[in-house]
1. Regarding residue 63, is this residue surrounded by fewer than 16 Cβ atoms within 10 Å (Cβ to Cβ), more than 24 Å from residue 131 (Cβ to Cβ) and touching a residue at least 12 places away in the same chain (Cβ under 8 Å)?
2. For residue 95, are the conditions met, namely being in contact with a strand residue (DSSP E or B) (Cβ under 9 Å, 6 or more places away or on another chain) and under 28 Å from residue 78 (Cα atoms)?
3. Taking residue 129 and the conditions (1) surrounded by fewer than 13 Cβ atoms within 10 Å (Cβ to Cβ); (2) in a helix (DSSP H, G or I); (3) modelled with pLDDT under 95, which numbered condition does it fall short on, given that it satisfies the others?
4. From the list 186, 142, pick out the single residue that is out of contact with any strand residue (DSSP E or B) (no Cβ under 6 Å at 6 or more places or on another chain) and assigned to a helix (DSSP H, G or I).
5. Spot the failing condition for residue 25; the list is (1) closer than 30 Å to residue 139 by Cα; (2) buried (at least 16 other Cβ atoms within 10 Å of the Cβ), and only one is missed.
């Protein structure tokens, strides 16, 4: 009888490095359309402190190895995300929601839409995720912004069907914003 020689067991894969674990955690969070803070990363990775993690995330070598990992600096925290799953524009919105800076959130969104697309911003946008604000809250925020020098470029306009939009005069004229709004709300629906 012939004895079979047993194969040696496969070596187990090496333990992922802290950088690999960190990047995977950031990407996993981004897949859920969320940002992650340094403190939350520390808790998720079960680390004693944020020092090593902070040093790692501040290291330019990490950025070279994982160019999709991005950081936004808020007033309350640093927020990390992967731009494979979240655009920088959306990440900025999420950060403003996390920071509970509603005026900056609304104004930043209006300015971004006026600059990037260019188009006025439908007030109903702020009722959806990630904002989840009521129509009354948004109107109140914009009304209060008018009392502040920082937000004098933000204006409200109303379509002939009563829909409310906002625009930034830094990027759109009132006539252009009104024309785009009226086309979107009324005229485009009149064409068979």
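The values are calculated or read from the model by the stated rules, or taken from the named source; none is laboratory data. Treat the numbers as computed from the prediction; the structure is a model and nothing was measured. Glycine also receives a Cβ, built like all others from the backbone with ideal geometry; neighbour counts cover every protein chain displayed.
1. No: the conditions fail for residue 63.
2. On the way: in contact with a strand residue (DSSP E or B) (Cβ under 9 Å, 6 or more places away or on another chain): yes; under 28 Å from residue 78 (Cα atoms): yes.
Yes: the conditions hold for residue 95.
3. Condition not satisfied by residue 129: (2).
4. Just a single option satisfies the conditions, and that option is 186.
5. Failing condition for residue 25: (1).
A quick yes/no check of all residues on (1) in contact with a helix residue (DSSP H, G or I) (Cβ under 6 Å, 6 or more places away or on another chain); (2) closer than 30 Å to residue 172 by Cβ:
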site: 20; (1), (2): no, no
site: 30; (1), (2): no, no
site: 52; (1), (2): no, no
site: 68; (1), (2): no, no
site: 72; (1), (2): yes, yes
site: 83; (1), (2): no, yes
site: 91; (1), (2): no, yes
site: 104; (1), (2): yes, yes
site: 111; (1), (2): no, yes
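Residues checked against (1) over 13 Å from the mean Cα position of the chain (by Cα); (2) touching a residue at least 60 places away in the same chain (Cβ under 8 Å); (3) in the same structural domain as residue 142 (by TED's automatic domain parsing); (4) surrounded by 10 or more Cβ atoms within 10 Å (Cβ to Cβ):
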{"position": "45", "(1), (2), (3), (4)": "yes, no, no, yes"}
{"position": "48", "(1), (2), (3), (4)": "yes, no, no, no"}
{"position": "51", "(1), (2), (3), (4)": "yes, no, no, yes"}
{"position": "81", "(1), (2), (3), (4)": "no, no, no, yes"}
{"position": "105", "(1), (2), (3), (4)": "no, no, yes, yes"}
{"position": "108", "(1), (2), (3), (4)": "no, no, yes, yes"}
